[in-house]
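Structure first, commentary second.
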Amino acid sequence: MIKSLHQITEAVQGLGALLTSLTGGVGAAIRLLRVLDPRVAIFTTRPSEYDAELRRKDVPAYFYAVRRYRDERDWKVVSELGPLFDFRELPSPARETYLTWLGMAEVSLGRHEAGIDHFREGIGVCEYEPVSVELHSNLGYTLALTGDFAAAREQNDIALSIDPVELALYNALAIESMAENGRRLDARAAALVDRFPVADEPGSELSKSVLEDPDLAWFRSQASFQVNFPKLAAARTAANGDQSKRGAGAGLFAGLGLVFALGLGSHSAMLESPTAAPADAVIRSSALLSAGLGSHAFEPTWASGLGSHL
């Protein structure tokens, strides 16, 4: 652990200013996240307010350097670089934000227990309410990954009690889906749609998450999905129907190719066509590949269940 950062801060001050200009502030980071992470939350604090809060504090340049790698979802670098500095030297809200990043990095690399430790440490020093929401919800989601659903609910419910932002409401639904708890599922789904109706609007970023997130696979198989997300359920049914028709057509042409091959003894691959898979299987396979084959060892472009706007 580096105890004194004064010399390092002076040496990289210019780098910090450069990185700040490159990231374009938190507003640019949010725009980037909406491309990379469909589950980024709608937060109560405006990015400009957070940036203004940072400007009022003496934040070392290394904080902005680490933020750049966090924005790029380079979790390996965040994991290796972050612990080199003493977060206790950071003022609030940079301090709790820094621990949020370290926790997200560890979870995204599949090291859940290390991520849990960082989130708990962040909660212990947090003085900034919007970051507290993120820390509790991220902790709840990570606990669910370990199978401790009771503790997961407790932490995410704390986030909801502070402010029912999109991240916390979405994770509440994801936790019950992962636990395959039908008794709580309907209430969680209804709460998300009531607060954010766009969740049931096909084509929105939030609705894409509901349809593609592997954590919600069990939820999509339940009646609660059709009841609370009727538009998405209808779109999904239509997509599956269209996919089945295309699959049937592909099968017909493949069969004709086989007939010609058997009858003519040549060009057996002329009309070869792959059999189409159901739309949901295609969506889930794509999401699973992005998520590290379902192991939650996430690639930089996918941080399922984790959120930070800072």
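Please treat every number below as a calculation from the coordinates, not as lab data. Owing to the predicted nature of the structure, the values given are computational and were not obtained by experimental measurement. We place every Cβ from the backbone using ideal geometry, glycine too, and count neighbours over all the protein chains shown.
Here are the numbers for the structure shown:
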read-out: Residue exposure sequence - 89, 129 - by fewest surrounding Cβ within 10 Å; value: 129, 89
read-out: Fewest-first ranking of 95, 195, using other Cβ atoms within 10 Å as the exposure measure; value: 195, 95
read-out: Percent breakdown of C-alpha pair distances by 5 Å bin, ordered from the shortest bin, for region 77-195; value: 2, 13, 22, 22, 18, 12, 7, 3, 1, 0
read-out: Fewest-first sequence of 104, 178 by Cβ atoms within 10 Å of each Cβ; value: 178, 104
read-out: Using a Förster distance of 30 Å, the FRET efficiency for residue 183-residue 208 (Cβ separation, nearest 0.05); value: 0.65
